[in-house]
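A short worksheet on the structure shown next.
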Amino acid sequence: MTEADLINAFKRGDRGAFNDLVRLWHPRIYNFVLRYAGDRDEAADLAQQTFIRAYSALSKLENPEKSSTWIYQIALNASRDAGRTRQRRPTVDVDDENIAAALGDDVLSRPDAVAHERDVRDLLNRALQTLPEEQRVVVIMKEYEGLKLREIADALDVSINTVKSRLYRVFESLKHLFELCCITEEMLRYDA
Amino acid sequence: MTPDERNAQLITYIYGELDEHERQEMEAFLATNGEARRSLEELRRTLAVLGAWEDETPPFGLTFVPEDAAAGARRPVAWWWASGLGVAIAAVLVLAFLRIDVTMSGGTMTVRMNWAEDTPVTASFDSVLTENRFVRYQEAYLELTQDLIEASELRQRAAMIEFARVLEARREEDLRQIGQGVRNVGQIAERSYLQSGVLLTRWAQTRPSRRK
């Protein structure tokens, strides 16, 4: 059964279909909120919150074909709400001093050694956390979740050109950051 | 095309979302523009670094949903759903009393008992639970816990009674043996006393008189 079939089955009263939907969504949503929030425990909580909200709202979903963006919208709203209730994670402008502070001086002084000592996830997570939230969301949705540019625009309720320009700014920032820290694909693949 | 428009097109191109006409235009542009090619290559390198962060397997977790949200569903939950969870709860309950190793992965709980290490027991159950149902399961859990505690107390009480009975029997046996021992010692002492008297009498009779 497709996602839309399961949603339609749920709307017809087959509550068990939601179990199958959670199985489908859980890996995607967990990894989405993990990269958004940067913390495994928080990601697990946010995924739970997402499914609770989805359960309440699923019967009102008018177009099951768009459920892939709909569930990300819910996850993003849950993440943003959670962010408002705790002290906001500071974001930093991408300049050399702030990068050093965000990644740790050891990354700059011994990039190879540190990259091999540390988890790749940790390194890239901290790189993503240096980005402004609106840019972090689009790069996660595009690069890791594989949403189409149009789907991201719909999920964020912005124009597709806004999505493209945010993505380009993200890549400019990350390119500068990776060059500064001598982080290359080969280095991370070796570590992985 | 402005620089911003070109950058936006590069993003669309690299993700393969240009239509055929736009793609051909972009490739013609790239063929004649070294700066654009460098930008594209840098984008690819940045994406390759980001791609090193692979997806993780999420931890298993129950999702608790409000009962009123579930009210819209017309059909009741399937019986196997509840019974599957009941099996899981019962298995967890047993853990409170027995030393059992439990692992959980992807909705499947594996129970490995210390006396049967080669035969793990598995139980699968779904991850969505309504609040009211959760409360009912909690109540059932508490009842089962109480029953197990009472059963345990009864067993302990029976064991104590049996222990006391054995102890009393042992004590009576010990007392009987002590009494028997005392009687034996008395009889021996009495015999020794009588023998001593006989010997003394004989000695007195055979002893020459000093007065003579």
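A short reminder: the numbers here are calculations on the coordinates, not readings from a lab. All values reported here derive from a predicted model rather than from experimental measurement. Heads up, the Cβs are rebuilt from the backbone with ideal geometry, glycines too, and the neighbour counts pull from every protein chain shown.
Across the stretch B:197-207, computed HN-Hα scalar couplings (Karplus, 6.51 cos²θ - 1.76 cosθ + 1.60, θ = phi - 60°) run x, 4, 4, 5, 5, 4, 5, 5, 6, 8, 6 Hz from first to last residue, x flagging Gly and Pro. Built from the Cα atoms of the stretch B:3-50, the convex hull projects on average onto 3.2 nm², one quarter of its surface area. Going by neighbour counts of Cβ atoms within 10 Å, the residues A:H176, A:H26, B:H21 line up, fewest first, as B:H21, A:H176, A:H26. Legend: residue pairs A:K60/A:K148; A:K11/A:K164; A:K66/A:K164, Cα-Cα distance threshold 30 Å; pairs beyond threshold, A:K11/A:K164. Phi-derived couplings, Karplus 6.51 cos²θ - 1.76 cosθ + 1.60 at θ = phi - 60°, listed residue by residue for the stretch A:159-175: 6, 5, 5, 5, 4, 4, 5, 5, 4, 5, 5, 4, 5, 5, 5, 5, 4 Hz, with x used for Gly and Pro.
Taken about its Cα centre, the stretch B:3-50 carries a charge dipole of about 320 debye when Lys and Arg each add +1 at the Cβ and Asp and Glu each add -1 at the Cβ.
Using R0 = 35 Å, the C-beta based FRET efficiency linking A:R40 and B:Q156 works out to 0.20. Shown in residue order for the stretch A:14-20 are the 3J(HN,Hα) couplings computed by the Karplus curve 6.51 cos²θ - 1.76 cosθ + 1.60 at θ = phi - 60°: 7, 5, x, 4, 5, 4, 5 Hz (x for Gly and Pro). So if we plug the beta-carbon distance of B:A189 and B:T145 into 1/(1 + (r/R0)^6) with R0 = 51 Å, what FRET efficiency do we get, rounded to 0.05? The calculated FRET efficiency here is 0.20.
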